[in-house]
2 protein chains.
Amino acid sequence: MAQSSSKKQRTHPHYELLYHPGTPGRGEFIRLAFEAAGVAYTDLANEQRDGYSTVRDICMNKGIESADGNPPVFSPPALRVPGAEPNSRALVIAQTPNILWYLGEKLGLAPEDEAGKYYVQQLALTSLDLNNEVHDTHHPIAVAKYYEEQRDEALKKAEDVRENRLPKFFSYFDRVRQHNEKESNGQGKYLVGSSLTYADTTIWQVLDGLFFAFPKEMEARKKEFPDLLGKFYGSVKEEKGLKDYLSSERRLKYSMGVFRYYSELDRQ
Amino acid sequence: MAQSSSKKQRTHPHYELLYHPGTPGRGEFIRLAFEAAGVAYTDLANEQRDGYSTVRDICMNKGIESADGNPPVFSPPALRVPGAEPNSRALVIAQTPNILWYLGEKLGLAPEDEAGKYYVQQLALTSLDLNNEVHDTHHPIAVAKYYEEQRDEALKKAEDVRENRLPKFFSYFDRVRQHNEKESNGQGKYLVGSSLTYADTTIWQVLDGLFFAFPKEMEARKKEFPDLLGKFYGSVKEEKGLKDYLSSERRLKYSMGVFRYYSELDRQ
């Protein structure tokens, strides 16, 4: 069971994260939302004996429904909220941005107004698009094959992502931040409004993974985008809830997931 | 102005689709939702003189806001609903699945219950993931370079998508359909519930594009997945609203967008 503020915990159902064990991956976007909100959740595959068999049954089964009667899920992550439905079947939500939309409302990580809700979701979707492009730097041809089998193509893909795609995305998110700074007469601390949303935690996680996977490239880009990659990145890291989590053992290390370090793919 | 049932038209604001002209692309998922619902919309770049300059201003500008004061959009498509906000700034929603979530509620193309809403969105997100993978069959290395510059890599990528990814996605959506067939004691006509949702129109559009881009591959897969690629695909095409649209001049032809026909990328 992850730590949480006991105050908020009582008002929430028992949330379960269903994801692969041992890697941050796409599950990390969900973990960051819970940790930032200080709301308890169980990361089944990492915290429960045999938890991963539940993940497999719900998210990776090849039948037409899981043991609890829910329809099939294409792949993890999923969020399970036992008994949330009237007929007492567990509510299962799959697809990262979909889970974030749900949690944004429940955990207070999205604005109250309609336009704000769609805007935060838009920014999360765009961050997750970048996440996918970064994944493809080491797997441009086939997700089921080894990196070593597609290394030549990965060198080309990584070069394009570093030289063309990263600056395009960074420029975009920096302008989003500037727009909010202007609108709120504030310090541009967040992407939207005056408090943390899941748009902040989601782009933050992608930036953090990029610092791991492309350290030289990111050091150089930091000079070009000091507000986004310096100030914004640094201040989200210090947010209540996130700071403790990021220095805890619950924060899983990058290894062979979406974000991987291959020196040959970094700026030379 | 697209055709619409005048009955519904009166109860809706004046929706505007902002997308590139001349190609179905990601804009088509939005068009299909409007056409299936019989609700009017203006496809700015295709229907208004200088409409594309508005698309560029809202969706492709390099500043921190568009002329109407909205924050920047990463790329088209976007939906604009003039005056939907209290302060009379137009509501602008970007990112295809985000627009579909919004329209699903407004156009009656999503279930009323919470679990159903998230499930339909999950299926649309998974369909759009497949759409992205299909795009990458001809652009595996760099979106800004010509196909001819990445043809060798495209041959490998297309082979993997055809042999491994398509059957994985088709099996998934066929099981989704079977689950609904079982739940509703019905004929498995729709993916969710007993009426058309944007989950149906979204996967339909991807399948239709695949029939164009990979005719030999799809002909062979149709024998393997006759219900999904035959019955389901065929019956969505006959839906009220869609049937007329698909045979009209408003339905743009595939050319050099997401779905392209290169005989060398198809099954040999």
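One Cα centroid belongs to region B:155-170, the other to region A:39-118; the line between them spans 28 Å. Out of every Cα pair in region A:114-239, what percent are spaced more than 25 Å from each other? Cα-Cα pairs in region A:114-239 separated by more than 25 Å: 27 percent. Of all lysines in the structure, those lying under 19 Å Cα to Cα from B:Lys62, and not within fewer than 8 positions of it along the same chain, are A:Lys168, A:Lys182. In whole angstrom, how far apart do the alpha carbon centroids of region A:197-239 and region A:244-268 sit? After rounding, the separation between the Cα centres reads 13 Å. Across the accessible surface of the protein assembly as shown, with the other protein chains kept in place and a 1.4 Å probe, carbon and sulfur atoms take up 47 percent. Association of chains B and A removes close to 4800 square angstrom of accessible area from solvent, both sides included, for a probe radius of 1.4 Å.
Note that chain A presents 41 Å² accessible area per residue, ligands and nucleic acids not counted, probe 1.4 Å. Within the same chain, aspartates and glutamates fewer than 8 places from B:Lys240 are excluded, and of the rest, those with a Cα less than 14 Å from its Cα are B:Glu35, B:Asp200. Classified by the C-alpha gyration tensor, chain B has an oblate form. Its axis ratio a/c, with a ≥ b ≥ c, is 1.5 or above, and a/b does not exceed b/c. For B:Asp43, the residues 5 or more places off, or on other chains, whose built amide H falls under 5 Å of its own are B:Ala2, B:Leu17.
Under 5 Å between amide hydrogens, built in the peptide plane, is the criterion, and for B:Gly108 it picks out nothing among residues at least 5 positions away or on other chains. Name the shape class, rounded, prolate or oblate, that the alpha-carbon gyration tensor gives for the protein assembly as shown, where a ≥ b ≥ c are the square roots of its eigenvalues, rounded holds for a/c under 1.5, and otherwise prolate holds if a/b is larger than b/c and oblate otherwise. Here the protein assembly as shown falls in the rounded category. The per residue volume of the convex hull around the alpha-carbon atoms of region B:44-153 is 147 Å³.
The values are calculated or read from the model by the stated rules, or taken from the named source; none is laboratory data. Every value quoted in this text rests on a predicted model; they were computed, and no experiment measured them. Areas reflect the complete protein model, heavy atoms only, side chains present, ligands, DNA and RNA absent. Shrake-Rupley method; radii C 1.70, N 1.55, O 1.52, S 1.80 Å.
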